[in-house]
1. Shape of segment A:2-432 from its Cα gyration tensor (a ≥ b ≥ c, root eigenvalues): rounded if a/c is under 1.5, otherwise prolate when a/b > b/c, or oblate?
2. Which whole-Hz ³J(HN,Hα) couplings does segment B:404-411 yield from phi under the Karplus relation 6.51 cos²θ - 1.76 cosθ + 1.60, θ = phi - 60°, glycine and proline marked x?
3. Can you list residues whose amide H is under 5 Å from A:Phe230's amide H, if they're 5+ apart or on another chain and H is modeled 1.01 Å from N?
4. Mind checking which aspartates and glutamates have their C-alpha under 15 Å from B:Lys235, skipping anything on the same chain fewer than 8 residues away?
5. Can you put A:Ile148, A:Ile426, A:Ile49 in order of Cβ neighbours within 10 angstrom, beginning with the fewest?
6. What does the charge count near B:Thr66 come to, summing +1 for each Lys or Arg and -1 for each Asp or Glu among other residues with Cβ under 11 Å from its Cβ?
7. Quick one: label points 7 angstrom along Cα→Cβ at B:Tyr157, distances to the other copies in nm, smallest first?
8. Rounded, prolate or oblate: which fits segment B:300-421, taking a ≥ b ≥ c as square roots of the Cα gyration tensor eigenvalues, rounded meaning a/c under 1.5, else prolate when a/b beats b/c?
There are 2 protein chains.
Amino acid sequence: MRKTFKLDNLRRYTPAQLIVFYYFVAITISFILLSLPGVHKEGVKVEAIDTLFTAVSAVSVTGLTTISLADTYTEYGIWMIIIILQLGGIGIMSIGTFFWLLVRKKIGLRERQLIMVDHNQYNMSGAVSLIKEVIKIILLIELIGGLIFTLYMLKDYESFYDAFLQGLFMSVSATTNAGLDITGNSLLMYHNDYFVQFITIILIILGAIGFPVLIEVKSFLSNRVPNFRFSLFTKITTVTFGILLAVGTFFILLLESFHSFKGMTWHERFFTALFHSVSSRSAGLTTFDVTQFSEATEVFVSFLMFIGASPSSVGGGIRTTTFAIAILFLINFARGKDVIQVFNREVKLIDVYRSYAVIILAVFMVIIATILLLISEPAIPVTAIVFEITSAFGTCGMSLGITGDLSNFGKFVIMILMFVGRVGLISFLYTLGGRNNKTNISYPKERVIIG
Amino acid sequence: MRKTFKLDNLRRYTPAQLIVFYYFVAITISFILLSLPGVHKEGVKVEAIDTLFTAVSAVSVTGLTTISLADTYTEYGIWMIIIILQLGGIGIMSIGTFFWLLVRKKIGLRERQLIMVDHNQYNMSGAVSLIKEVIKIILLIELIGGLIFTLYMLKDYESFYDAFLQGLFMSVSATTNAGLDITGNSLLMYHNDYFVQFITIILIILGAIGFPVLIEVKSFLSNRVPNFRFSLFTKITTVTFGILLAVGTFFILLLESFHSFKGMTWHERFFTALFHSVSSRSAGLTTFDVTQFSEATEVFVSFLMFIGASPSSVGGGIRTTTFAIAILFLINFARGKDVIQVFNREVKLIDVYRSYAVIILAVFMVIIATILLLISEPAIPVTAIVFEITSAFGTCGMSLGITGDLSNFGKFVIMILMFVGRVGLISFLYTLGGRNNKTNISYPKERVIIG
Ligand SMILES: [K+]
Ligand SMILES: [K+]
């Protein structure tokens, strides 16, 4: 009786609203997990707001922290964080569906819709199998990455278990793009260990490129689908991702070669630039003290973080496709074309609209957040504030080291940005209002002078 | 024979390209005017780049200067600047048409189209009479404003001519929204002269509200047009302008009341906030040392300047209607509506597209310019750079006092921004590529995951 009542209640909300609600629940659960006795090291006292901040940061796989995980959490606490990262990284919807699958309940239309919005899948059928694939693939990647790291670092640790905990955390943190560390100093100790960097880069890209891409590549490789064709989405997001990596690496190299990279060899310069270009998509791990970057590089990296990773990935930001559609739209508009044609396909009007709405709202949020933090944090320089804001919105987690210095108000602003960045602005927009409010009244059209 | 050849040549270009070309010519002429013997005070040496900067700033009615006009130019030089401000403020197209009218040549279709793009008038008929109206109205406003200032300040000057030169310059500078001053310190000496501020505010608004609005108000007041109806454009731009003024005043008051306005009376606070809110639309005149503003206010004012004034006005920026359409679009999108309905009219799709293109390009330009100036001006703080950039793009001309400190590279970047801001991004976009490249190939539509 009570169960039916609850389901009926759920049906009254849009999928987007439910996703926001579920993320709230996930944060609450994470907050409780991180407040359990035994998670904190002896003598360490953590304020409630910092525990909440860690919970939001972990669920949104951002990785900004106001405290040092290494100094704060016990081994037991670290395992809690690994669990929370799975909640955030794979997505509450996947977990929820997985749970349903385990108890062999049939998935209803409503739940399928829910999954579709979270992973933005337009094709209804196969949503369930998609979720199974997602979980299998991600867990497999995390485990393989973890074992590679473990074996590689075994000589440096006292026991296999110690090496495995470190290796698994590094792998989970890279694959979920959480960017958290239990070393206390990100990956700076590996600044010239190109093996660790290379594996980390692979794991980051696998997490940030988007689940649909992984699924499609798997289908392609399995060779079992006749006349297989990569979707327009996969083509656009992969190409954009690649271009952003290349452009990011090039400009970081260009801007820093005569600045903070001066004393480095060419290969260290290249790897440092490449790593931070990759990391700015969403991971937030660093192999270099980013406070050494010039202000120009800081603004440039802020812009990269603002763009973020692929949709339906562990990353945030406005997403690669939003950025790509905006650029394609601009080029076509300047050429006087009225439709966007790319990869022998035409982009639908509604997706151009979506990209517009996302960008406008995102720009607004960044400007308002910047003004708010300039008021609440008078001692922090503007570039550091903008860097922190775009890092939170892009769920990236790179920081110029100011997270711990923020006022409680500032922490709340950053938490909201991490939350919105993870949920995604499209879901967020649909949460604000209803959907499909078709207008019945019709007015004459009239032109307005623009720009 | 040569004339026909030249006209044929002109016909090969789009109106937008010709406007860009004409602005180039105007800047060249202004550069020559400001290099004539006798314009500089004795013993004053001005670098060519600074003369060019002044020419671009005056033609684009921005008002940023790398030199002090008061210390540099003779009375003769000041008159040259007044002439240049007319070229920029009223628009080269108006002047060109006026010239044609004077010599009683018939205006051809091509020239009418040219006027239409410059003033963004979609209705072909009446372009000629519009231009006549524009020139008459603006010159009249300038003269009346000049006389009011002259009479008010007569007691402070030795002769009527001295008072008139000062009064006329103030009036022209306010009406054309140039924001230049020959006092050496903007309007700071009038910081508690509310009469001068009030008249200046009226003149600024008359210049920045857009010529179509003035024309329509005149038609409305003359009561000679049966069933007169204000256009959707006039309604949107006027309401947006009003809201921006109110919001700007409110937030400047809020942000500075506990900061730089501390020692002021309530009426001085109010007028200072109001004046700078009005001035940020496009004028750039100041009654207060804006370097005293908090960083939050500086970022907020930068945002206001980025929006700029009405289209078809003396102002720049992305323009009020672009901003309004973006906001209306966002609200409607969140509500799930597929069309923008406002004031009992429906906004056409092409104008939503235009606003998108303008905003994307404008945001890009500001980010790229910021990174460039951060590289070329390592000694200047970021907020001052962003303030200067948005001020140039909005052809506003407020500055945190760094214009004179810019490197030659920095000066070029700011000149390009002033130029693009004045020409307008729509004209600029159409200049980059052709128009109406209708695509003949048709591809299947496919959706892409956004945001
Ligand atoms: K992250
Ligand atoms: K101005």
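1. rounded
2. x, 8, 5, 6, 4, 4, x, 4
3. Placed amide hydrogens put nothing under 5 Å from A:Phe230.
4. A:Glu446, B:Glu216, B:Glu346
5. A:Ile49, A:Ile148, A:Ile426
6. Neighbourhood net charge equals -2.
7. 8.3
8. prolate
Each value in this text was obtained by applying a stated rule to the coordinates, not by laboratory testing. Every value quoted in this text rests on a predicted model; they were computed, and no experiment measured them. Reconstructed Cβ throughout: ideal geometry from the backbone, glycine too, with neighbour counts over all protein chains shown.
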